[in-house]
Amino acid sequence: MAEQAAPAEHPAYPVGLRLSGRRVVVFGGGQVAQRRLPALIAAGAAVTLISPSATPSVEAMAEAGEITWTKRRYQDGDLADTWYALVATTDPEANAAISAEAERTRTWCVRSDDAEAATAWTPATGRSEGVTVAVLTGHDPRRSAAVRDAIVEGLRDGSIAAPTHRARTPFVALVGGGPGDPDLITVRGRRLLAEADVVIADRLGPRDLLNELPPHVEVIDAAKIPYGRFMAQEAINNALIEHAKAGKSVVRLKGGDPFVFGRGMEEAQALAAEGIACTVVPGISSSISVPGAAGIPVTHRGVAHEFTVVSGHVAPDDPRSLVDWASLAKLTGTLVILMGVDKIGKIAEALVAHGKSPDTPLALVQEGTTATQRRVDATLATVAERVRTEEVRPPAVIVIGDVVKESPDKR
């Protein structure tokens, strides 16, 4: 008689456990429990920890009343009235005894030391906007985690399209797009972009992201909105209001951060005046990211203990200027100037006139974080000429101070 082939291993049956209010017992208070307990607590489980000791983090959960801690080793009968058990002790005999009791009481049991002896496996789990992703790949937990991370990241940044088929509430979001590199937008900002019906984009925003939007999304270049009798900002405000009132999901995509010289508050106030709520998504400000991309730290131990960010779009001798240049000249830290390329000559003159050394080092970083980034170094005394001869154009971030002389390979 031919020998019968061994049956193929049956795959695990995926299921979502609803543990709210149900007794769950965790054996062992070490690193495994520390990782697993937060999810059980978030699920609303009535968690009992049985362990003679625990890590400080697990102990803090018990002190906060999130779990009940029984400070002893396993005893027969601990799984009475238990729905789910997690075995994570360092005692093989105790782990085997707990598994045996779980089998007798028909309690689903996870074993951190021996997956083959378990009746349940913990998937690699992640969440994004109400979606739970749970991945099982048999006996390869690292692959499970990698697949989980890829899916969750795709859902968050919009690269995995998962449209909802239920009605959703329209929104208005003021999104900081960062300094220009599309990879430097926040995860939340990218997700909101993927959900938008209308995107009103700045010239300095991450333009490459606009190519990834679905065909139905209306993209409006803020620099080309017909202004008519309105000021440019008024026209942008009106466009936001118009599309929001039409029930559209609207993203105002701005360079840098909406509230760092981005006029984001003006837009939020205009929307609020019409009874329209908006979400503000912070962005990475070019005031710190662009110098960093050029190898310049805005602070450095022993060199600069503070940095100051100012707008340079109004010259120091202009009556509209709100900047106290005399006080800035006395500071010993780093001065970062945004929107100041065409006024840098007068700014340098003002700083020197108020006591700053003409030899103070300075760097201009044009189109920072993008493929066309370039850095031009100068001093307060030479910057006006350097800008002219090097044909430095906006957008450029100007960094003034001794940090300009620092570099990663300097010791």
Output for region 188-219, where each listed residue is in a strand (DSSP E or B) and open to solvent by 30 Å² or more (accessible area, probe 1.4 Å): E218, V219
message: Pull out all pairs, ordered by first then second residue, where Cβ-Cβ is under 7 Å, the residues are six or more apart or on different chains, the first lies in region 12-26 and is surrounded by 11 or more Cβ atoms within 10 Å (Cβ to Cβ), and the second is among the acidic types (D, E).
response: R23/D81; V25/D78
- prompt: Taking T370 and the conditions (1) assigned to a helix (DSSP H, G or I); (2) of a type outside the set (D, E, K, R); (3) in contact with a Gly (Cβ under 7 Å, 6 or more places away or on another chain), which numbered condition does it fall short on, given that it satisfies the others?
  reply: (1)
Hey, G345 under 33 Å from the mean Cα position of the chain (by Cα) and under 17 Å from A378 (Cα atoms) or not: no
- request: Give, as residue ranges, the helices (runs of 4 or more DSSP H) completely inside region 222-299 that count at least 3 residues that are surrounded by fewer than 19 Cβ atoms within 10 Å (Cβ to Cβ).
  value: 232-245, 264-273
task: Return only the number of the condition from (1) of a type in the set (S, T, N, Q); (2) within 20 Å of Q34 (Cα to Cα); (3) in contact (Cβ under 8 Å) with a residue 24 or more places away in the chain that T70 does not satisfy.
output: (3)
- request: For K346, indicate whether it is part of a helix (DSSP H, G or I), at pLDDT 95 or above and charged (D, E, K, R).
  value: yes
query: Pick from region 323-367 the residues that are of a type in the set (K, R) and under 24 Å from E406 (Cα atoms): which of them is least open to solvent (accessible area, probe 1.4 Å)?
result: K356
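Restricting attention to region 373-400, which residues are in a loop (DSSP other than H, G, I, E, B) and either among the β-branched types (V, I, T) or surrounded by fewer than 18 Cβ atoms within 10 Å (Cβ to Cβ) (or both)?
Taking region 373-400 and keeping what is in a loop (DSSP other than H, G, I, E, B), we get 373, 380-382, 391-395.
Correct list: Q373, A381, T382, E391, V392, R393, P394.
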Residues within region 39-57 that are surrounded by fewer than 13 Cβ atoms within 10 Å (Cβ to Cβ) and in a helix (DSSP H, G or I), tallied: 2
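The values are calculated or read from the model by the stated rules, or taken from the named source; none is laboratory data. All figures in this text were calculated on a predicted structure; none of them were measured in a lab. Reconstructed Cβ throughout: ideal geometry from the backbone, glycine too, with neighbour counts over all protein chains shown. Quick note on the areas: whole protein, heavy atoms, side chains included, nothing else; ligands and nucleic acids left out. Shrake-Rupley method; radii C 1.70, N 1.55, O 1.52, S 1.80 Å.
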